[in-house]
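Novice: After the structure tokens below, expect a handful of questions from me.
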Ligand code: NCD
């Protein structure tokens, strides 16, 4: 089977088949020994990280991944995006940066920004998050976490909990998981329900259950994927105030969960998982961040043609 990722843009999880995603996850597993041994497989190559929105894990894990594979990193991390939010400016930025780097990883508050950048760039572009739209490499690392921690993805009941409207990670993850034999549970308050276009799309492949009541589905879930209410994406602060803290996972909550069920979170968390959950057998969010490094090492190596 031809899985060639060389030169490919990574823009939407919807651009990939199940086989292709599994190929990336397999490649991520081969990166584990390199974490300690190091490698020069991307020696002489340069990664540019263009972050128009705040980030800790995504940017640092991409940069660490590149450095661990012998490559170099340039870029910027600017939380203030107001002066660069015009489509044309993205195009110009990319046409400049492509001269300096072999691959571009970009985060932007505008939906469609990564796709636009890829159209103008002669080097591959990786979407590190576009507005509330998508975050495909997060979805891949989330799937890697589930596969590593539970041994499989097929057959699981997976709950996406919290801000399903503005959370981009849950959009990409729902699409990605729907390529597997899973049951999805979308748990959110009415105003933060999963985008209709996502629900309609994933329903064509898997069973979807939408509810506002976390307690009613807790006992059947194998994975609780908890998300932060995306405060920065609310047009009206009063709307945010109404849903703030709507779900809070505590040690008490875990008593209604399956013994083997795991709790994930893309991080950063605010108050949706209390610190006393960290020591329970269910918590996997810090491992998840580590899998992100392996996944991004694999993606860089695949797209830059160092591995097949
Ligand atoms: C997420 C994001 O930026 O979408 N963070 C991440 O990349 N791990 C989640 C969030 O900000 O809530």
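Just so it is clear, none of the values below were taken in a lab; they were calculated from the coordinates. It should be emphasised that the depicted structure is a prediction, and the values quoted were computed from it without experimental measurement. As a convention, Cβ positions derive from the backbone with ideal geometry for all residues, glycine included, and neighbour counts pool all protein chains shown.
Novice: Residue separation times 0.36 nm, minus the C-alpha to C-alpha distance between residue 181 and residue 77: what's the value?
Specialist: 33.6 nm
Novice: Can you compute the modelled spin-label distance between residue 216 and residue 242, with each label point 7 Å from Cα toward Cβ, in nm?
Specialist: Inter-label distance under the simple model: 2.0 nm.
Novice: Dividing the Cα radius of gyration by the Kirkwood radius, what Rg/Rh value follows for the range 1-121?
Specialist: Ratio of gyration radius to Kirkwood radius: 0.97.
Novice: Nearest 10 degrees is fine. How inclined is helix 168-177 to the longest principal axis of the chain, computing both from alpha carbons?
Specialist: Approximately 80 degrees, to the nearest 10.
Novice: Can you give the alpha-carbon Rg of the range 258-308 over 2.2 N^0.38 Å, where N counts its residues?
Specialist: The range 258-308 yields a ratio of 1.52.
Novice: So how far apart, in nm, are the two label points at residue 15 and residue 67 if each is 7 Å from Cα heading toward Cβ?
Specialist: Here the answer is 2.8 nm between the modelled labels.
Novice: If you take every DSSP beta bridge whose two residues both sit in the chain, what share of them, in percent to the nearest 5, is antiparallel?
Specialist: Percentage antiparallel, nearest 5: 5.
Novice: Calculated FRET efficiency, residue 32 and residue 119, Cβ-Cβ r, R0 22 Å, to nearest 0.05?
Specialist: Computed FRET efficiency for residue 32 and residue 119: 0.05.
Novice: In square nanometres and to one decimal, what's the mean projected area of the convex hull around the Cα atoms of the range 41-82?
Specialist: Mean projected area for the range 41-82: 2.6 nm², to one decimal.
Novice: Here's a follow-up. If the chain between residue 92 and residue 197 were fully stretched, how many nm would it gain, using 0.36 nm times the residue separation less the Cα-Cα distance?
Specialist: The residue 92-residue 197 span can extend by a further 34.7 nm.
Novice: Moving on to the next point. Using the Kirkwood formula on the Cα atoms of the chain, what hydrodynamic radius do you get, in angstrom to one decimal?
Specialist: It is 19.7 Å.
Novice: Nearest 10 degrees is fine. How inclined is helix 57-68 to the longest principal axis of the chain, computing both from alpha carbons?
Specialist: For 57-68 against the chain, the angle is about 40 degrees.
Novice: A follow-up question, please. Return one quarter of the surface area of the convex hull spanned by the alpha-carbon atoms of the range 192-262, equal to its mean projected area, in nm².
Specialist: Dividing the Cα hull surface by four gives the mean projection, 6.0 nm².
Novice: Let me ask something else about it. No solvent, one uniform scatterer per C-alpha: report log10 I(q)/I(0) for the range 126-218 via the Debye equation at q = 0.21, 0.25 1/Å, two decimals.
Specialist: -1.06, -1.41
Novice: While we're looking at this one, here's another question. Å³ per residue of the Cα convex hull, for the range 136-289?
Specialist: 102
Novice: If I model a spin label as a point 7 Å beyond the Cα along the Cα-Cβ vector, how far apart are those points for residue 204 and residue 190 in nm?
Specialist: That separation, rounded to one decimal, is 3.0 nm.
Novice: What percentage of all Cα-Cα pairs in the range 163-211 are separated by more than 11 Å?
Specialist: So the pairs more than 11 Å apart make up 64 percent of the total in the range 163-211.
Novice: Set the Förster radius R0 to 25 Å, insert the Cβ-Cβ distance between residue 6 and residue 40 as r into 1/(1 + (r/R0)^6), and round the FRET efficiency to 0.05.
Specialist: Result of the calculation: an efficiency of 0.85.
Novice: On a 0 to 90° scale, report how tilted helix 136-150 is relative to the longest principal axis of the chain, with both axes built from alpha carbons and the result rounded to the nearest 10.
Specialist: Compared with the principal axis, the helix lies near 60 degrees.
Novice: If contacts are Cα pairs under 8 angstrom and at least 6 residues apart, what is the relative contact order of the chain in percent?
Specialist: 21
Novice: Compute the FRET efficiency between residue 274 and residue 233 as 1/(1 + (r/R0)^6), taking r as their Cβ-Cβ distance and R0 = 25 Å, and round to the nearest 0.05.
Specialist: 0.55
Novice: Let me ask something else. What is the Å³ per residue value for the convex hull set by the Cα atoms of the range 61-208?
Specialist: 134
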